[in-house]
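Have a look at the structure below, then the notes.
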Amino acid sequence: MGPYASYSMPLEYPDQSHSDSHKWTRTHASLFDVSHMVQHKLTGELAEEFLMTVTPSSLDSLKKHSSTLSCLLSPEGGIVDDTVITRIGTDPHSFYFVTNAGCHDQDIEFLDSSMSNFLKSKPDSKSASGTRDKLNWHILEHHALLALQGPLSASVLQSLIFNDTEDETLDTSLSTLYFGKSRWLQLTLPETGMNTPSLLISRTGYTGEDGFEISIPPENGDATELATAIAKALTADSSKVRWAGLAARDSLRLEAGMCLYGHDIDSSITPPVAALGWLVGKDRRSENPVPPFNGHEVINRQLASPKTMESRRVGLLIEKGPAAREGAEIVADNEVIGHVTSGCPSPSLGGQNIAMGYVKNGFHKKGTKLGVKVRKSVRQAEVTKMPFVENNFYRPESDSESKTGETKQ
């Protein structure tokens, strides 16, 4: 167990090593308890506009039950946190989003102050009813969140889904639920034969594999009992699904080229510098996006003129030897030109040392030869594209979207 964001989290489980758990996720399925993540619900006719002022996403074109990776932006354009935003329910102004546990306090303060400033800017903010009824924010503090990840995830989850034959409008087949989509579904728990309440099930994850995140509402004030029962049902067949901890989750996301907040991204880094410029909607890249979003002047200038950025996030393949960990210096011709933000031996690539980090602009191109200081020695390294391991998101066959690690969740 290890401390994380005021929680005691399992790094590994007794029956599997970190490497075994990592590989099991790639070939079978693993269950991660990610209930420490912060779940939010935002509703009201101003919900969409507000979210579009604090994120760079084109949420006005986000369809019902669709999700997008995004980020909360400071007024200067720095990444306050990364998040996944989903348009949910029959109400077009209803959104669900998840933020990082490690950013809990700063995110709450940021959202609260941003919301207050946003509402004060509205013409009717001084009216009798004001605008508070047009923007309702709820932190789903007593919800649990489970992540089922791996190629066997769909078949295992499908076996538990309750098929309501009386509701012909509800599609209960996971074969039609694609990456980045969500659906309200019930599960039947074999041990009791009882059905769960409707659960928000999203086809998404943080491993690069096919998988699902299941949001579990509280019963009698707490979700622990229901979440435990669901987890027990999902892991009933240990030849298919096993528990996995933070260590495997970290190496899996690194292989998938996904950022970890507080390490690979933070409030001093803008999306373009973090190689996340694709988060900015194409229709939001003008001088005057509508509505204007935090830091759009800086971000859109960087997108238009990449050479103005001082540094860039890159992936690195590093020669055999000790792994390059966070903080390791990246050098070129004996000059320090950057630093590693995440690194490990890749279990899926036979122990190949991989890392991501930031280098001076101009050294970011694929194939660039660099060095990384590890234990007083300089190891040979080469800039490479990410993800390091191809992602296996479940998409329609006709879907031509990129399958890179830059499409986390």
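The values are calculated or read from the model by the stated rules, or taken from the named source; none is laboratory data. Bear in mind the structure is a predicted one, so any value in this text is a computation, not a measurement. Positions of Cβ are backbone-derived with ideal geometry, glycine not excepted, and every protein chain shown enters the neighbour counts.
In the stretch 275-286, how many are under 18 Å from I85 (Cβ atoms) and either part of a loop (DSSP other than H, G, I, E, B) or of a type in the set (S, T, Y) (or both)? Spell out how you get there, then give the answer.
Going through the stretch 275-286, the residues under 18 Å from I85 (Cβ atoms) turn out to be 276-284.
From the residues that got through so far, the ones that are either part of a loop (DSSP other than H, G, I, E, B) or of a type in the set (S, T, Y) (or both) too are 276, 280-281.
The qualifying residues number 3.
Within the stretch 255-272, which residues are of a type in the set (A, V, I, L, M) and assigned to a strand (DSSP E or B)?
Residues of the stretch 255-272 that are of a type in the set (A, V, I, L, M), as a first pass: 256, 258, 260, 265, 269.
Within the stretch 255-272, just I265 meets the criteria.
I'd like the full set of residues that are out of contact with any Pro (no Cβ under 9 Å at 6 or more places or on another chain) and assigned to a loop (DSSP other than H, G, I, E, B), limited to the stretch 365-385. Spell out how you get there, then give the answer.
From the stretch 365-385, those out of contact with any Pro (no Cβ under 9 Å at 6 or more places or on another chain) are 365-373, 376, 378, 380-385; that's our starting set.
The answer is K365, K366, G367, T368, K376, K385.
Which of the residues that make up the stretch 230-245 are surrounded by fewer than 17 Cβ atoms within 10 Å (Cβ to Cβ) and part of a helix (DSSP H, G or I)?
K232
Hey, could you check the stretch 64-95 for residues that are among the charged types (D, E, K, R) and within 17 Å of W137 (Cα to Cα) and say which is surrounded by the fewest Cβ atoms within 10 Å (Cβ to Cβ)? Full working, then the answer.
Kept after step one, since they are among the charged types (D, E, K, R), are these residues of the stretch 64-95: 64, 76, 81-82, 87, 91.
Still in the list and also within 17 Å of W137 (Cα to Cα): 87, 91.
On the way: R87: 22, D91: 13.
Step by step, filter the stretch 64-95, then rank; the result is D91.
Which condition number does G193 fail, the rest of (1) surrounded by 16 or more Cβ atoms within 10 Å (Cβ to Cβ); (2) without any contact (Cβ under 8 Å) to a residue 60 or more places away in the chain; (3) at positive phi being met?
(1)
Which condition breaks for D222 when tested against (1) within 20 Å of the chain's Cα centre (by Cα); (2) within 18 Å of H143 (Cα to Cα)?
Unmet for D222, out of (1) within 20 Å of the chain's Cα centre (by Cα); (2) within 18 Å of H143 (Cα to Cα): (1).
If I filter the stretch 20-29 for residues that are more than 17 Å from the chain's Cα centre (by Cα), more than 30 Å from T235 (Cβ to Cβ), surrounded by 19 or more Cβ atoms within 10 Å (Cβ to Cβ) and at pLDDT 95 or above, do I get at least one hit?
Scanning the stretch 20-29, I find no residue that is more than 17 Å from the chain's Cα centre (by Cα), more than 30 Å from T235 (Cβ to Cβ), surrounded by 19 or more Cβ atoms within 10 Å (Cβ to Cβ) and at pLDDT 95 or above, so the answer is no.
Condition check: modelled with pLDDT under 95 and more than 24 Å from K41 (Cβ to Cβ). Does T176 satisfy that?
Numbers: modelled with pLDDT under 95: no; more than 24 Å from K41 (Cβ to Cβ): yes.
Criteria not met by T176.
List pairs: first residue in the stretch 293-313 and not assigned by TED's automatic domain parsing to the domain that holds I337, second residue surrounded by 19 or more Cβ atoms within 10 Å (Cβ to Cβ) and basic (K, R) anywhere in the structure, Cβ distance under 7 angstrom, at least six positions apart or on different chains.
These pairs meet every condition: F293/R284.
Could you list, in sequence order, all residues of the stretch 58-79 that are in a strand (DSSP E or B), within 19 Å of P291 (Cβ to Cβ) and either charged (D, E, K, R) or over 14 Å from the mean Cα position of the chain (by Cα) (or both)?
Selection gives L73 alone.
Write out, first by first residue and then by second, each pair whose Cβ atoms fall under 6 Å of each other, whose residues are 6+ apart or on separate chains, and whose first residue, in the stretch 141-153, is part of a loop (DSSP other than H, G, I, E, B) while the second is among the hydroxyl-bearing types (S, T, Y).
H143/S215; G150/T25; G150/S30
Report the residue count in the stretch 120-142 for those that are modelled with pLDDT under 95 and either buried (at least 18 other Cβ atoms within 10 Å of the Cβ) or more than 25 Å from D33 (Cα to Cα) (or both).
Looking only at that region, the number is 15.
Check whether at least one residue in the stretch 22-42 is within 24 Å of H296 (Cβ to Cβ) and either in contact (Cβ under 8 Å) with a residue 24 or more places away in the chain or assigned to a helix (DSSP H, G or I) (or both), and report yes or no.
Taking the stretch 22-42 as the starting set, the residues that turn out to be within 24 Å of H296 (Cβ to Cβ) are 40, 42.
Cutting the leftovers down to either in contact (Cβ under 8 Å) with a residue 24 or more places away in the chain or assigned to a helix (DSSP H, G or I) (or both) gives us 40, 42.
Yes, the stretch 22-42 contains a residue that is within 24 Å of H296 (Cβ to Cβ) and either in contact (Cβ under 8 Å) with a residue 24 or more places away in the chain or assigned to a helix (DSSP H, G or I) (or both).
Could you tell me which residue of the stretch 287-311 is nearest to D60 (Cα to Cα), considering only residues that are of a type in the set (G, A, S) and either outside any loop (DSSP other than H, G, I, E, B) or at pLDDT below 95 (or both)?
Let us first name the residues in the stretch 287-311 that are of a type in the set (G, A, S), namely 295, 304-305, 311.
Now restrict to residues that are either outside any loop (DSSP other than H, G, I, E, B) or at pLDDT below 95 (or both): 304, 311.
Working: A304: 23, S311: 31 Å.
The extreme case among them is A304.
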